Structure formats: C-alpha cells, structure tokens
1. Under 4 °C and 1.567 mPa s, how fast does the protein assembly as shown diffuse according to Stokes-Einstein, given a Kirkwood radius computed over C-alpha pairs? Answer in µm²/s, whole number.
2. Tell me the relative contact order for chain B as a rounded percent, counting alpha carbon contacts under 8 Å between residues six or more apart.
3. Let me check I've understood the local charge: for B:N3, count other residues with C-beta under 13 angstrom from its C-beta, Lys and Arg +1, Asp and Glu -1. What total comes out?
4. Note down the net charge around B:S61, summing +1 for each Lys or Arg and -1 for each Asp or Glu among other residues with Cβ under 9 Å from its Cβ.
5. Which cross-chain or sequence-distant (5 or more) residues have an amide H under 5 Å from the amide H of B:L46, H modelled 1.01 Å from N in plane?
6. Let me know the Kirkwood hydrodynamic radius for segment A:71-112, please, with Cα pairs as the basis and the value in Å to one decimal.
7. Charges at C-beta only: +1 for Lys and Arg, -1 for Asp and Glu. How large is the resulting dipole of the protein assembly as shown about its Cα centre, in Debye rounded to 20?
8. Rounded to a whole number, what is D in µm²/s for chain B from Stokes-Einstein with the Kirkwood radius over alpha-carbon pairs (20 °C, 1.002 mPa s)?
Amino acid sequence: IAGITQAPTSQILAAGRRMTLRCTQDMRHNAMYWYRQDLGLGLRLIHYSNTAGTTGKGEVPDGYSVSRANTDDFPLTLASAVPSQTSVYFCASSDSTGANVLTFGAGSRLTVL
Amino acid sequence: GQNIDQPTEMTATEGAIVQINCTYQTSGFNGLFWYQQHAGEAPTFLSYNVLDGLEEKGRFSSFLSRSKGYSYLLLKELQMKDSASYLCAVRDGDYKLSFGAGTTVTVRA
C-alpha cells in the first residue's frame, strides 16, 4: 500500500541522547516535511525539503536536523534531546502539483525524560 | 508566519449541522486546506479552497473569502464517526503550509 512509513512508532529517550526518526515514502513525491504536534499548539513545521538534495528550515527548527539524500527518505535527527522536544512527530509528503495536498505518516510519539 | 484562529471545541448532535470557522492573517496566500484528525491518528485531507466561494464534497463543504481572511468548514448530517479534530491550514506565498491549533468536534447521540 502506497504511503509514508515512520519509525519508531513510540520512543522514550533520556535527555542528552541522540535520536533519529525515520520517514520513508513510496509515492515518489518531491516534497517532504516534518511537523511536531503539541496540545493546544497544532502542527508546527520543523524542516522541509522541496526536492532531493535540498532542505529548508520551518517555524521551529532549533535542535533538529534533516537530510534528503534521495527522494524516498527524510530522516529527522535530534542531536541532543531535551524534554521540550517531547511531542508527536509527523512526517508528510506532497507531489508539488495541483493543490499540493500533504499526505501524513502515522506519527512518532517521542518522550524525552 | 501565519496567524490562524479557530475555535477550540464544538459539540453537536448526531444528524445536525456544525460550522467550524477559521480566520487567518498571512503573508501571501496560495490556498486554504481543511484536514480531519481522529484521536491518535494522522491528519487526512478534506478540502482545498484557493478561490472565493463554496466547495462541496458530499456531507462536507468548505467556504473561502480571501478579502476577509475567512473560511468555514460545514459538516452536514453529522455522524458519530465525525467526532474528530478539524485543522485549518493556510499555504503562504512561499508555499509553506501552516496549521491552526484545531477544533475538536464531539458528536453526541
């Protein structure tokens, strides 16, 4: 089934540890995004990539990094996790045509203690 | 960035109609989206407006007024499965999508 796969589904992490959230899509979409969702704040854009080899900063990029080595994969790395990064993280992609509708992955719930 | 406002919660009865309003202030505008998100799940696309007017899709309709910075999502013939959070999102002049905090709709029997 075509779509976006995120891993892990859920993770508890000690503060200061490095963590990479994985995201893979098989729809050959050009653009990919990482959002975090916190209660009362909605979805906030962390980083995005309009095409393989390029990335850009969103609304809340500090403490996060991304890479886009190919079309399908867009990992999000927390170099040194802090408790304020406790959140649900959603990866999304879009085909950059027409309405440019985002398709979301199922999310990764991260708890930093 | 964007300033997107929508009510936090709404409650309605099964079979009724509910209208969720969204107001926005944006630097450039390239479309307004509505997404549905059930608890613990990913958001899913409902509707897209880029021109003024009403877009109807089955029981759901979405309206846009660009001059007023205003949209609404209309849910008709409410069903229990419509209990979810509804997210208003605006695409800016740089084609980045920003979301409102969402409106939680509870449908009661």
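The values are calculated or read from the model by the stated rules, or taken from the named source; none is laboratory data. Keep in mind that this is a model prediction, so the values were computed, not measured. Reconstructed Cβ throughout: ideal geometry from the backbone, glycine too, with neighbour counts over all protein chains shown. For accessibility, only protein heavy atoms count, side chains too; no ligands or nucleic acids. Shrake-Rupley method; radii C 1.70, N 1.55, O 1.52, S 1.80 Å.
1. Working: Rh = 18.0 Å.
Here the translational diffusion coefficient equals 72 µm²/s.
2. Values: 284 pairs, mean separation 41.1, N = 109.
Relative contact order, chain B: 38 percent.
3. On the way: positive: none; negative: A:E59, B:D5, B:D92.
Counting the neighbours of B:N3, the net charge comes to -3.
4. Working: positive: B:K57, B:R59, B:K76; negative: B:E55, B:E56.
After counting each charged neighbour, the total is +1.
5. B:W34, B:Y35, B:Q36
6. Numbers: mean 1/r = 0.0818 Å⁻¹.
Mean inverse Cα-Cα distance, inverted, gives 12.2 Å.
7. 360 debye
8. Working: Rh = 13.8 Å.
It comes out at roughly 155 µm²/s.
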